[in-house]
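In what follows, a single structure is set out as structure tokens and then discussed.
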Amino acid sequence: MSSRSGGHPYPRSARVNEILREVISDAIVRLEDEDDRLGLLTVTGVETSPDLRHATVFFDSLPPEAREVLEEYRVEIQADVNVQTRLKRTPKLNFLADPAIAAGGAVEDALRRLHDEDE
């Protein structure tokens, strides 16, 4: 399966997002060992702007304290991205809870209520 973009089956932005997700996940795992305030966080995805100046990192959940700690370590995480990737720019990271996870939870709750009403 070949494409004009060098033989890759999906766009460069998707590949960049996946590489960033892996690098950022690894960096956060290392930080979790050093700082208990982070707890257990799971990176669900990364979305970069077209110019790669900004990237939003999505988590399965993001308590306020964990978000504050991530902001404290943001420059260190960005440095890991810079070292481990060959990007022209290192994007500024923004950390958010994944809205798809919250929406999925709301759908599950609604389905449970409907199921309970049927019984």
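Please treat every number below as a calculation from the coordinates, not as lab data. If you're wondering where the values come from, they're calculated on a predicted model, not measured in any experiment. Every residue, glycine among them, receives a Cβ derived from its backbone with ideal geometry; neighbour counts consider all protein chains shown.
Computed 3J(HN,Hα) for the stretch 80-97, one whole-Hz value per residue from the Karplus formula 6.51 cos²θ - 1.76 cosθ + 1.60 where θ = phi - 60°, is 4, 4, 4, 5, 8, 10, 10, 9, 4, 10, 9, x, 6, 8, 10, 10, 9, 6, glycine and proline marked x. In vacuum, with every alpha carbon of the stretch 12-118 counted as one equal point scatterer, what does the Debye formula give for log10 I(q)/I(0) at q = 0.23 Å⁻¹? Two decimals, please. At q = 0.23 Å⁻¹ the computed log10 ratios are -1.23. Residues in the stretch 18-26 carry Karplus couplings, in order, of 5, 5, 4, 4, 5, 5, 5, 4, 4 Hz; the curve used is 6.51 cos²θ - 1.76 cosθ + 1.60 with θ = phi - 60°, and Gly or Pro positions show x. For the stretch 12-118, relative contact order (Cα pairs under 8 Å, six or more residues apart, normalised by length) works out to 27 percent.
Remark: spin-label model distance D35-D116 equals 3.8 nm, labels positioned 7 Å along the Cα→Cβ axis.
In order along the stretch 41-58, the Karplus-derived 3J(HN,Hα) couplings, from 6.51 cos²θ - 1.76 cosθ + 1.60 at θ = phi - 60°, round to 10, 10, 7, 8, x, 9, 10, 9, 6, x, 8, 6, 7, 9, 9, 9, 9, 9 Hz, and Gly and Pro are given as x.
How much length is gained if the chain between S25 and S13 is pulled fully straight, taking 0.36 nm per residue apart and subtracting their Cα-Cα distance, in nm to one decimal? Each step should come with its number before you reach the end.
On the way: separation 12, 0.36 × 12 = 4.32 nm, distance 1.79 nm.
Computed gain between S25 and S13 is 2.5 nm.
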